[in-house]
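The values are calculated or read from the model by the stated rules, or taken from the named source; none is laboratory data. This one's a predicted model, so the numbers in the text were calculated from it and none came from an experiment. Here the Cβ positions follow ideal geometry from the backbone for every residue, glycine too, while neighbour counts run over all protein chains shown.
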Ligand SMILES: Nc1ncnc2c1ncn2[C@@H]1O[C@H](COP(=O)(O)OP(=O)(O)OP(=O)(O)O)[C@@H](O)[C@H]1O
Ligand SMILES: [Mg+2]
């Protein structure tokens, strides 16, 4: 069991009379990827800035691996790689030059810098561009260099603020696949986003905030199960046309909440009980001999979207 952790207790940040973060208490632990979701202005960036000691809270505390970030900034942030509102890389610099400068700032010994720079550029798949000027790079390539910079100290913990925002679909996919690779390297990744599909695809856990308050923190599956509207959904295709008799057979399977005949041979089934029900549903549908030829779970994104909208609605 890993002892990596990110924690806030009763964290509060006010800007004048406006409360951006409101008594936020959360503990994220282990090696996993946590999606930090919330609408615009929810307080995601503010929370990340407090966690990385860029700003001070009015009340409450933030800890990295149990060390108080405000009281012991250097020590607490030592295991962290951070990507929050990264300034533009000076366009005349190459990745090698920009990363050398950052490595020096981060206190990486001169003798280790060339190796670290090669390693991080490999991690973000930019080795071929090491000596090209960044001014000519696409946004996605620049963001990959920014991620490389965050990886320079070989961090165990990564705090990323919307790492794919502003990128085109290809740039987004590239950054996501880097995050997925990093996940495999036993790191704790805490990543803000307002892209539900992104979080459903790559995160293990989900924390949702709105108006500075934590609405829920749990595994992706449990968040979907707890607040995901009508629960899971699958779409099935039959080899024959549907009929009231077929519909009745599906309806009588335990756990099935709703059956919709959406096309001649296609039904949409909503069920509750999460993955265990989904698994049993498949075998029950086969056993019911209704001519099942395909069984497709509705996407994690649609189900997370349900959960998100339910929670945000509830918070208003
Ligand atoms: N320096 C500041 N001065 C005044 N208000 C601020 C400041 N920084 C943030 N805020 C306000 O605090 C609230 C939370 O902002 P924050 O940037 O944390 O939200 P966010 O969840 O990151 O939103 P987004 O998805 O748009 O990035 C917003 O209403 C914002 O206007
Ligand atoms: Mg933000």
**Asked** Mind checking which residues of segment 153-171 are surrounded by fewer than 22 Cβ atoms within 10 Å (Cβ to Cβ) and more than 16 Å from ligand 1 (Cβ to nearest atom)?
**Response** 153, 154, 155, 156, 168, 169, 170, 171
**Prompt:** Hey, residue 71 hits all of (1) over 22 Å from residue 209 (Cα atoms); (2) surrounded by fewer than 14 Cβ atoms within 10 Å (Cβ to Cβ); (3) within 16 Å of ligand 1 (Cβ to nearest atom) but one; which does it fall short on?
**Reply:** (3)
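This table checks each residue for (1) assigned by TED's automatic domain parsing to the domain that holds residue 288; (2) more than 18 Å from residue 26 (Cβ to Cβ).
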| residue | (1), (2) |
| --- | --- |
| 184 | no, yes |
| 190 | no, no |
| 195 | no, yes |
| 198 | no, yes |
| 239 | yes, yes |
| 245 | yes, yes |
| 252 | yes, yes |
**Item:** Subset of segment 175-209 (residues that are more than 20 Å from residue 151 (Cα to Cα), modelled with pLDDT of 90 or more and more than 15 Å from ligand 2 (Cβ to nearest atom))
**Value:** 204, 205, 206
**Prompt:** residue 84 is checked against (1) under 27 Å from residue 145 (Cβ atoms); (2) in contact with a helix residue (DSSP H, G or I) (Cβ under 9 Å, 6 or more places away or on another chain); (3) more than 16 Å from ligand 2 (Cβ to nearest atom) and fails just one. What number does that condition carry?
**Reply:** (3)
**Message:** Out of the residues in segment 230-273 meeting the condition of being buried (at least 17 other Cβ atoms within 10 Å of the Cβ) and more than 18 Å from residue 286 (Cα to Cα), tell me which one is modelled with the highest pLDDT.
**Reply:** 273
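If only one of 220, 214 is touching a strand residue (DSSP E or B) at 6+ places or on another chain (Cβ under 9 Å) and surrounded by fewer than 22 Cβ atoms within 10 Å (Cβ to Cβ), which one is it? Walk me through how you get there before you give the answer.
Details: 220 fails: surrounded by fewer than 22 Cβ atoms within 10 Å (Cβ to Cβ).
None of the other options fit; the residue is 214.
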**Message:** Can you say whether residue 14 is over 19 Å from the mean Cα position of the chain (by Cα), surrounded by 14 or more Cβ atoms within 10 Å (Cβ to Cβ) and under 24 Å from residue 311 (Cβ atoms), as far as the supplied structure shows?
**Reply:** yes
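For segment 23-42, give me each residue that is surrounded by fewer than 21 Cβ atoms within 10 Å (Cβ to Cβ) and away from ligand 2 (no atom under 16 Å from the Cβ).
Passing the criteria: 23, 25, 26, 27, 28, 29, 30, 31, 32.
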**Request:** State which residue is farthest from residue 249 (Cα to Cα) when the search covers only segment 274-316 and only residues that are at pLDDT 80 or above and part of a loop (DSSP other than H, G, I, E, B).
**Result:** 291
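Each row is one residue, and each column tells you yes or no for (1) outside the structural domain of residue 106 (by TED's automatic domain parsing); (2) touching a strand residue (DSSP E or B) at 6+ places or on another chain (Cβ under 6 Å); (3) within 13 Å of ligand 2 (Cβ to nearest atom).
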residue	(1), (2), (3)
44	no, yes, yes
49	no, no, yes
54	no, no, yes
59	no, yes, no
62	no, yes, no
73	no, no, no
77	no, no, no
**Prompt:** Of 39, 91, which residue is assigned to a loop (DSSP other than H, G, I, E, B), assigned by TED's automatic domain parsing to the domain that holds residue 179 and away from ligand 1 (no atom under 16 Å from the Cβ)?
**Reply:** 91
**Prompt:** Of (1) within 16 Å of ligand 2 (Cβ to nearest atom); (2) modelled with pLDDT of 95 or more; (3) touching a helix residue (DSSP H, G or I) at 6+ places or on another chain (Cβ under 8 Å), residue 18 satisfies all except one. Which?
**Reply:** (3)
